[in-house]
Each structure stands twice: as C-alpha cells, then as structure tokens.
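Worksheet: the structure to be examined is printed underneath.
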Amino acid sequence: MRKALRWLLSLVVLIGTVSAAGATAGAATAAEPTAGTDIKDQILAIEGMSLIEEKPYPGYRYFVLNYAQPVDHRHPGKGTFKQRITLLHKDTSRPTVFFTSGYNVSTTPRRSEPTAIIDGNQVSLEYRFFTPSRPDPANWSKLDIWQAASDQHRVFKALKKIYTKKWLATGASKGGMTATYFERHYPRDMDGVVAYVAPNDVVNNEDSAYDRFFENVGTKECRDKLNAVQREALVRREPLEAKYQAAATAEGYTFTTVGSLDKAYEAVVLDYVWAFWQYSKLADCGSIPAAATASDQEIYDSVDAISGFSAYTDQGLETYTPYYYQAGTELGSPDIKQPHLNGLTRYGYQPPRNFVPRDIPMRFKPWVMRDVDSWVRHNANQMLFVYGQNDPWGAEQFRPGTGTHDSHVYVAPGANHGANVAALVPDQKAAATAAILKWAGVAPAAVQQDEAKAKPLTRYDAKLDKRDIEREPALRP
C-alpha cells in the first residue's frame with residue numbers, strides 16, 4: 001500500500017495475547033480518583049505518565065502526554081519507550097472514545113465523529129515506531145499489530161480507573177484497522193468499535209477486488225480521462241522526469257531507499273488513478289486535463305497535485321517507514337492491473353520492501369490478516385464499519401458474518417476515503433448514530449424507542465471537528 005495507501009493479522013499472536021495480557025495489565029497502574037482532585041493530578045498520578053503540555057480549549061481540558069510503554073509486551077522488563085498520548089477531557093462522568101490514526105498523533109485539539117456524537121472524552125494514541133514514539137534502539141520485530149494492540153490495552157487499563165464510564169474505539173483508514181485489531185486481541189476492553197474506511201487485505205496476493213473496483217468506479221468518461229493522463233505521463237517520461245529532477249535538485253530530494261528517481265517517478269504515476277478516487281470526488285474530474293492536448297507542465301502538475309512527487313523520495317518516505325514495514329510484514333498491499341499502461345511500465349506496482357531501508361529486515365506473515373478477518377466474521381460484537389462507495393480501499397471490506405452481534409457495515413454513496421456516519425443515507429445515518437449512543441450508554445429515551453430520532457449530542461465545532469487530511473503517498477490507508 002502507498003499515497004492511496006496514505007490516509008492509508010496468527011496462532012503465535014493469539015498465544016501472545018493470552019500470555020502477555022496479564023503481565024502488562026498489572027504494570028499499568030493508576031491511583032484511585034480522589035474527589036476534588038484536579039484531573040491533571042489524577043492523570044499524572046498514573047505510573048509512567050508525564051506531561052508534555054496542556055493547551056486551553058473552551059469546554060475541555062487538553063493534555064499532550066508521554067506514557068512509558070514496554071518495547072515488548074511479552075517481556076516488559078526488557079526496556080521501555082515513551083509513547084505520546086493526547087487527552088481531550090470533558091468530564092469523568094461522560095463516556096470516552098479511544099482514537100488512533102494508526103500513524104502520528106496530532107497535538108492540536110480535535111474531536112472524532114464518535115466523540116462528538118456521544119459528547120465524550122477522547123484519548124488519542126500515537127502508533128508505536130512513529131517518531132517520537134519509537135524505541136531507541138529500534139528493534140523492528142517489535143512493530144506488529146499485537147504489540148500495538150497491547151499498547152492500547154495498557155493505556156486503557158491505566159485510564160479506566162479515572163474514566164469509568166463506557167469506552168468506544170475508533171479510527172479511520174489505518175486507524176480503523178488499528179481499532180479492529182485492538183478489538184480482536186482485547187475484545188473485553190471496549191464497549192463498541194466504530195471503524196471508518198478500514199481495508200481488509202485478507203490474502204495479499206489476491207487483489208482482483210481492486211481491479212473490479214477500477215473497472216466500474218465513477219463514470220466511463222472520468223475513468224478514461226484519468227487513464228489517459230496516467231498513460232501520457234509514462235509516454236512523456238523523459239521530459240517529465242527532467243522536471244522531476246529539477247524539482248528534486250531544488251528541494252534537496254534523494255532516492256536512496258527506492259533506488260532511483262526513475263523508480264520513484266513511476267511509483268508516483270502508478271498511484272495517480274488510485275489517489276484520485278481516494279481523495280477526490282466524481283465532480284473533480286472536470287479539473288483533470290485532456291491528455292491529448294495538455295502540455296508537459298499540465299500533465300506534470302496534475303500528477304503532482306494528485307499523487308505527489310515528493311512521496312517516494314527519501315524525505316517523503318522517512319516518516320512512513322513504520323507503515324511500509326507493517327504493509328510488508330502483516331497488513332499486505334494491493335497490486336492492481338492497469339492494462340492501459342501495458343508496455344510503458346518498467347517496475348509495476350512496487351512492493352513495500354522497496355520503500356523501507358534495506359538494513360531493516362522484513363518477512364511477510366500471511367496468517368495474520370486471515371486471523372483477524374476470521375475473528376471479525378465469527379466474533380464481532382457491537383462493531384460498526386463505514387466505507388465510501390468511491391474509495392478504492394473499500395474494495396476489500398470487513399464483513400461480520402452469521403453469529404456476530406449488533407455489528408453493521410454501511411457504505412456512504414459517492415463518498416471517498418473521508419466517508420463517515422454523517423455521509424450515510426438518512427436511515428443508515430440514524431441507525432449508526434443510535435448504535436453509537438447506545439454502546440456508549442448515553443442514548444436518550446426517545447432514541448431508545450425510535451432510532452430515527454438519533455442525532456449527535458453536541459453541535460458542530462469548526463475548529464474541534466475539523467478533518468485533518470494529510471496528503472501522503474497514494475497507496476497508503
């Protein structure tokens with residue numbers, strides 16, 4: 001997975017869940033809340049918790065924190081690292097949402113959609129190995145979904161004594177995946193899960209679902225227009241790579257990890273169609289140039305605006321090394337057919353191994369995602385999955401099956417990788433909102449009697465509810 005991968009699991013893992021859960025839970029201790037004690041003092045009374053800063057926000061307390069975590073939850077005595085956490089504190093009498101993006105944590109006050117719906121507190125966690133939450137030295141074998149789920153479990157155990165009401169896990173894209181993996185490995189922690197646009201690449205080398213998606217998404221006119229620009233970018237490789245080289249020289253970009261400017265150029269071009277559907281709407285097709293008459297600069301600018309020529313430079317890849325490592329060891333990555341480019345590509349869709357420094361060893365574990373998928377199909381309890389109709393990542397979805405309880409999959413019509421509950425059709429929007437309120441234990445009596453009356457318990461806040469959409473390399477969730 002790469003910029004479309006941007007917004008972007010095993011018997012061994014299962015055994016580890018059982019053996020390590022008890023050991024790590026005991027290490028996460030919190031002082032019992034004392035009536036009248038300031039919330040900051042209660043938080044900092046947790047062993048291993050330290051304050052980076054407190055930022056004011058009307059109606060809330062907002063803390064940026066560090067929490068000491070074991071590098072290896074199976075062997076907690078073998079070193080620790082500091083993991084960044086933010087806490088948007090409303091009131092300990094309110095439910096709490098546990099949010100993760102699956103990447104770095106934002107230190108600007110933000111409220112996820114479930115947090116706004118339930119009028120709750122929000123704990124946000126930086127994913128391990130994203131700097132500065134990276135062990136030093138970095139033992140990359142300790143970056144896996146079970147270790148990350150155990151980070152969340154330990155934070156939850158530490159804070160649950162203070163925030164005693166119900167908890168929901170949420171996240172979008174890789175964050176939605178993370179919330180799902182947390183639920184799979186610690187199913188007794190959360191009272192519900194709201195996973196947005198979460199890819200589910202069960203079999204890494206079987207990607208026909210993506211091919212079918214690109215054959216039908218949007219309109220033929222739009223698909224043809226995008227394909228033509230993508231093809232033209234490879235036909236005109238020589239003059240456009242000259243522009244890329246000039247930009248790289250001006251910006252100081254290097255290409256040691258991917259291997260060459262030529263490889264980086266083709267990777268960006270191959271992301272173009274995927275990235276458009278991930279981040280744009282059908283109406284945006286009007287901004288795509290007509291390939292046959294477009295100048296070299298117009299083709300270059302369109303590819304840069306949608307895929308981003310900085311994506312596969314050393315500087316663009318560095319931040320996302322932990323993602324590419326996981327894509328190449330557990331999560332998987334798509335490899336789609338693009339017949340309109342036949343005869344023009346030199347490398348095809350490059351694997352995650354090409355985007356991780358060679359001194360970091362990688363080995364793919366195909367059983368990990370099969371384990372998570374099987375668990376969701378048979379054991380999902382109070383889990384909600386939201387996808388966008390025009391989002392490539394929705395081609396392979398999580399599917400709670402027979403025997404699961406109160407779990408749902410909804411698809412927002414015409415939506416991209418930013419799909420949410422608010423974008424669903426009215427009856428599904430009401431049903432999803434009602435479920436979230438119910439799972440959090442704050443559904444008003446009227447909603448309990450008629451879910452059609454469900455609506456968020458807070459008003460929209462333009463700053464707090466702003467969507468921070470990062471333009472990362474395209475094949476990245």
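The values are calculated or read from the model by the stated rules, or taken from the named source; none is laboratory data. All values reported here derive from a predicted model rather than from experimental measurement. Every residue, glycine as well, gets a Cβ built from its backbone with ideal geometry; the counts of neighbours run over all protein chains shown. Ligands, DNA and RNA are stripped out before the accessible areas are found, and what is left, the full protein with its side chains, is counted by its heavy atoms. Shrake-Rupley method; radii C 1.70, N 1.55, O 1.52, S 1.80 Å.
Condition check for Ala431 on (1) within 26 Å of Tyr323 (Cα to Cα); (2) not in a strand (DSSP E or B): one failure, at (1). Pairs linking a residue in region 400-420 that is modelled with pLDDT of 95 or more and open to solvent by less than 30 Å² (accessible area, probe 1.4 Å) to a residue that is among the acidic types (Asp, Glu) and part of a loop (DSSP other than H, G, I, E, B), with Cβ atoms under 9 Å and 6 or more positions apart or on different chains, are Ala412/Asp391; Ala415/Asp391; Asn416/Asp391; His417/Asp391; Gly418/Asp391; Ala419/Asp391.
Which helices (runs of 4 or more DSSP H) does region 159-275 wholly contain that include 3 or more residues that are open to solvent by less than 10 Å² (accessible area, probe 1.4 Å) and within 30 Å of Phe63 (Cβ to Cβ)? Can you show your working first?
Values: elements: 174-185, 208-216, 220-235, 237-251.
Answer list for region 159-275: 174-185.
Please indicate, with yes or no, whether at least one residue in region 118-139 is farther than 16 Å from Asn66 by Cα, open to solvent by less than 10 Å² (accessible area, probe 1.4 Å), modelled with pLDDT of 95 or more and assigned to a helix (DSSP H, G or I). I'd like the intermediate steps shown before the answer.
Just the residues of region 118-139 that are farther than 16 Å from Asn66 by Cα, to begin with: 118-121, 137-139.
Remaining after also requiring open to solvent by less than 10 Å² (accessible area, probe 1.4 Å): 118, 120-121.
Add one more test, that the residue is modelled with pLDDT of 95 or more, and what stays is 118, 120-121.
Of the ones still in play, those that are also assigned to a helix (DSSP H, G or I) are 118.
Yes, some residue in region 118-139 is farther than 16 Å from Asn66 by Cα, open to solvent by less than 10 Å² (accessible area, probe 1.4 Å), modelled with pLDDT of 95 or more and assigned to a helix (DSSP H, G or I).
Applying the selection to region 344-369, what residues are open to solvent by 50 Å² or more (accessible area, probe 1.4 Å) and of a type in the set (Ser, Thr, Tyr)? Selection gives Thr345, Tyr347.
Given the structure, is Val386 at pLDDT 95 or above, part of a strand (DSSP E or B), open to solvent by 30 Å² or more (accessible area, probe 1.4 Å) and closer than 27 Å to Arg467 by Cα?
Against the criterion (at pLDDT 95 or above, part of a strand (DSSP E or B), open to solvent by 30 Å² or more (accessible area, probe 1.4 Å) and closer than 27 Å to Arg467 by Cα), Val386 does not qualify.
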